[in-house]
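The values are calculated or read from the model by the stated rules, or taken from the named source; none is laboratory data. Keep in mind the model is a prediction, meaning the values are calculated, not measured. Because the Cβ atoms are built from the backbone with ideal geometry, glycine has one as well, and the counts that use them run over all protein chains shown.
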Amino acid sequence: MSQIHVAYLLKKFPRLSETFVLNEILTQERLGARVHVFSRRPPDGEPRHPQLAELRAPVEVLDPTLGMAPWLAMFGPRPEDRRLLDRFGGLAREMSAFGHARMPALFGEALQILERASALGIEHVHAHFATDSAIVAMLVHELGGPGYSVTAHAKDIYRTTVDAGLLARIVERSRFTVTVCDANVRWLAGRLPAPATASVRRLYNGVDLESFRPDGRPRETDHVLSVGRLVEKKGFDVLIRALALLRDRSVPFRATIVGDGEERAKLEGLVRELGLAERLAFAGALDQDAVRALMVRATVFCQPCRVGSDGNQDALPTSLLESIASGLPCISTSVGGVPEILDQGRVGILVPENDPAATADAIQNLLGDPDRRSELALAGRRHAERTFDARKSARTLNSWFEETVRCRVSA
């Protein structure tokens, strides 16, 4: 059993939309790792997943009111204080070349975490998303703190605003960088220099196969479900237009969209414009238990993912992983790692991106074909068991943590 002491460095924790982070930490704890969570910002006032009650790790929110306190360590009389000042000067000059507007604040956060990591005996730092949290982890390491690793997801690599040079530096200096699908590996390989890509490892986000599983009871016959943040890349407007086509074809259905986000008002306006209010309900943000209850009853899951106008796209949508594990037949697109979830169309239906008519056809066909739904449900569950078992993914990640700590101790 692992006895390493790992810090998770996150922008906000907990976050309702980042169930994969909570599940990963819980599984690391079950494997024996001691975990400490640094949340760079206070969490939002949103619903909490019941599974949060299982968390043993302390959650430490960085204090933005410390003023000069984190900086004073560089000006003490001890030799280690002078070494820190020397490291800081060279690193600050190097990082200033990237022109990152928040870099001074990130240095302040790094100094705060450096002191806490030393006091707590943190052996390794892991950051989710190759953005500011990963920069802070990198600064902590280069100022003399523990090594770090990063999980790169989607917005942190696909957006047109991503600084490829800064991303390359984060990845190259890491002990390793995880990314969540083969599509991401290919994307990074095409954009990062060889020394950085050598640090990249693919590890699928897993799903709790005991929690998300068919319950054996009959499903509803006309319920279309979709779950996700209400943002452009999820394609909810495509789904709504597809549902309007089904209504016009006199196909019986009802639909539920679970989630919240910046596009909610726009999407609700589209529903009113198309006259779908009696057929489609916005359930808002729900916790894992409520989502699971919907997934074992619904007929079809549809998430017509797309590449957003800013280049952002899904890599490995958690809701699709949870759906196939629940035996819920899925419809999506060939964006990012979605074909890997749906096994290139063998365990779900892939439709063209931004195509309401094709999406409507796929929903109609599945609603009208219970045998096909049963076939996809069984195939999806088997694929989840083979490929997306959270326990297997967690054991692999844990072994990588242990490997990096052993290498550092023996160096």
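Brief remarks follow.
- The residue list R395, R372 contains one member that is assigned to a helix (DSSP H, G or I) and not assigned by TED's automatic domain parsing to the domain that holds T19, which is R372.
- Residue match in segment 84-107 (condition: part of a helix (DSSP H, G or I) and of a type in the set (S, T, N, Q)): yes
- Any hit, segment 292-310, residues being free of Cβ contacts under 8 Å to residues at least 24 places away in the same chain and not β-branched (V, I, T): yes
- Residue within segment 115-132 that is exposed (fewer than 13 other Cβ atoms within 10 Å of the Cβ), free of Cβ contacts under 8 Å to residues at least 12 places away in the same chain and not basic (K, R) present: yes
- Under the condition of being among the small types (G, A, S) and in contact with a Ser or Thr (Cβ under 9 Å, 6 or more places away or on another chain), the residues counted in segment 131-167 number 7.
- Any hit, segment 30-49, residues being among the hydroxyl-bearing types (S, T, Y), over 19 Å from I135 (Cβ atoms) and not assigned by TED's automatic domain parsing to the domain that holds S319: no
- Listed conditions (1) assigned by TED's automatic domain parsing to the domain that holds A362; (2) touching a strand residue (DSSP E or B) at 6+ places or on another chain (Cβ under 8 Å); (3) more than 28 Å from R15 (Cα to Cα); (4) surrounded by fewer than 22 Cβ atoms within 10 Å (Cβ to Cβ) are all met by T256, apart from (3).
- Looking across segment 133-160, the residues that are within 13 Å of R173 (Cα to Cα) and β-branched (V, I, T) come down to I135, V136, V140, V150.
- Helices (runs of 4 or more DSSP H) fully within segment 135-193 counting 2 or more residues that are closer than 24 Å to A97 by Cβ: 155-158, 164-173
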